[in-house]
Amino acid sequence: MNIFANPQHRISAYRTYFRIANINQSLFHDCKRTRVATEANVGEDKQGEAFETIDRLTERQWQAAMIAVTFAGMTLEAFFYDYAADALGDQYVRDHLDKLDLPSKYLVYPKLVCGTAPNKGEHTFELVRNLTRLRNDLVHAKSKAFPLGQLDAAADHYDEYHARLDKGADDAIECVLAVMRELDKLHGTESFEKYMLAY
């Protein structure tokens with residue numbers, strides 16, 4: 001199936017979401033590079049000014065990572081609805097499929113649309129699962145209390161959280177593109193990844 005073969009016109013925001021995710025992944029890396037360079041060149045005479053810059057860059061860096069991850073998840077949610085509704089009809093998708101989680105959509109929707117499911121044991125499924133977990137952690141964030149005598153545990157918690165975001169910002173973009181490549185393979189086309197990247 002070619003994604004351009006269906007004569008109807010569907011309006012979806014998934015490519016806009018992907019563009020937002022992509023821009024923020026780049027912003028994340030730009031802020032990170034600038035912050036690291038600023039930290040390496042802090043002079044004693046301008047420490048206060050440098051620390052303000054570092055704080056601002058750090059805040060922007062993690063905001064950009066959160067946006068990249070969240071919008072990559074939104075990209076796939078919107079894409080999979082469009083993908084399935086185009087082939088199976090909006091009503092069928094709304095009534096029977098739309099409540100599935102994202103990893104299940106990745107496995108079930110292609111099976112219903114083109115007759116072949118992606119391999120659950122491949123890296124792309126792991127990327128989808130990891131993106132879903134991190135996106136859900138961001139969207140449904142819960143506070144966590146630490147006893148005042150264990151503030152080192154709070155620092156470790158932040159370090160772990162930031163490490164997940166650091167990896168997640170890159171994996172989120174790779175996840176979207178890996179899904180598109182897998183669909184191209186299943187459908188025997190080169191349409192999905194090219195269309196996603198064309199915007």
Next on the checklist: I'm checking my understanding of the structure. Among residues of region 169-197 that are of a type in the set (G, A, S) and in contact (Cβ under 8 Å) with a residue 40 or more places away in the chain, which one is surrounded by the fewest Cβ atoms within 10 Å (Cβ to Cβ)?
Outcome noted: S191
Checklist entry - Any residue at all in region 139-157 that is in contact with a Ser or Thr (Cβ under 8 Å, 6 or more places away or on another chain) and open to solvent by less than 60 Å² (accessible area, probe 1.4 Å)? => result no
Item to check | Exclusive hit being open to solvent by less than 50 Å² (accessible area, probe 1.4 Å), within 30 Å of H140 (Cα to Cα) and of a type outside the set (A, V, I, L, M, F, W, C), set T70, T38, T16 | outcome: T70
Checklist entry - Taking the condition of a type in the set (D, E, K, R), modelled with pLDDT under 95, open to solvent by 40 Å² or more (accessible area, probe 1.4 Å) and closer than 29 Å to A169 by Cα, does E49 pass? => result yes
Checklist entry - Which residue pairs have Cβ atoms under 7 Å apart, sit 6 or more places apart or on different chains, and have a first residue in region 155-168 that is over 13 Å from Q61 (Cβ atoms) and a second that is surrounded by fewer than 12 Cβ atoms within 10 Å (Cβ to Cβ)? => result H157/K144
Next on the checklist: Any residue that is surrounded by 16 or more Cβ atoms within 10 Å (Cβ to Cβ), more than 21 Å from the chain's Cα centre (by Cα) and more than 23 Å from I23 (Cα to Cα) - is there at least one of those in region 77-85?
Outcome noted: yes
Next on the checklist: Among the listed residues M1, M66, identify the single one that is among the aliphatic types (A, V, I, L, M) and at pLDDT 95 or above.
Outcome noted: M66
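Please state which one of D90, D30, D82, D55 is closer than 19 Å to Y195 by Cα and either in contact with a Gly (Cβ under 8 Å, 6 or more places away or on another chain) or not aliphatic (A, V, I, L, M) (or both). Let's see the steps before the verdict.
Details: D90 fails: closer than 19 Å to Y195 by Cα; D30 fails: closer than 19 Å to Y195 by Cα; D55 fails: closer than 19 Å to Y195 by Cα.
None of the others qualify; the one that does is D82.
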Next on the checklist: Being of a type in the set (D, E, K, R), within 28 Å of R164 (Cα to Cα) and surrounded by fewer than 18 Cβ atoms within 10 Å (Cβ to Cβ) is the filter here; which residues of region 105-132 pass it?
Outcome noted: K120, E122, E126, R129
Next on the checklist: I'd like the residue in region 88-104 that is open to solvent by less than 50 Å² (accessible area, probe 1.4 Å) and in contact (Cβ under 8 Å) with a residue 12 or more places away in the chain and, out of all such residues, is farthest from R135 (Cα to Cα).
Outcome noted: V93
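The values are calculated or read from the model by the stated rules, or taken from the named source; none is laboratory data. Being a predicted model, the structure only gives us computed values, none of them experimental. Virtual Cβ from ideal backbone geometry, glycine too; neighbours counted across all protein chains shown. Surface accessibility is based on the protein's heavy atoms, side chains included, excluding ligands, DNA and RNA. Shrake-Rupley method; radii C 1.70, N 1.55, O 1.52, S 1.80 Å.
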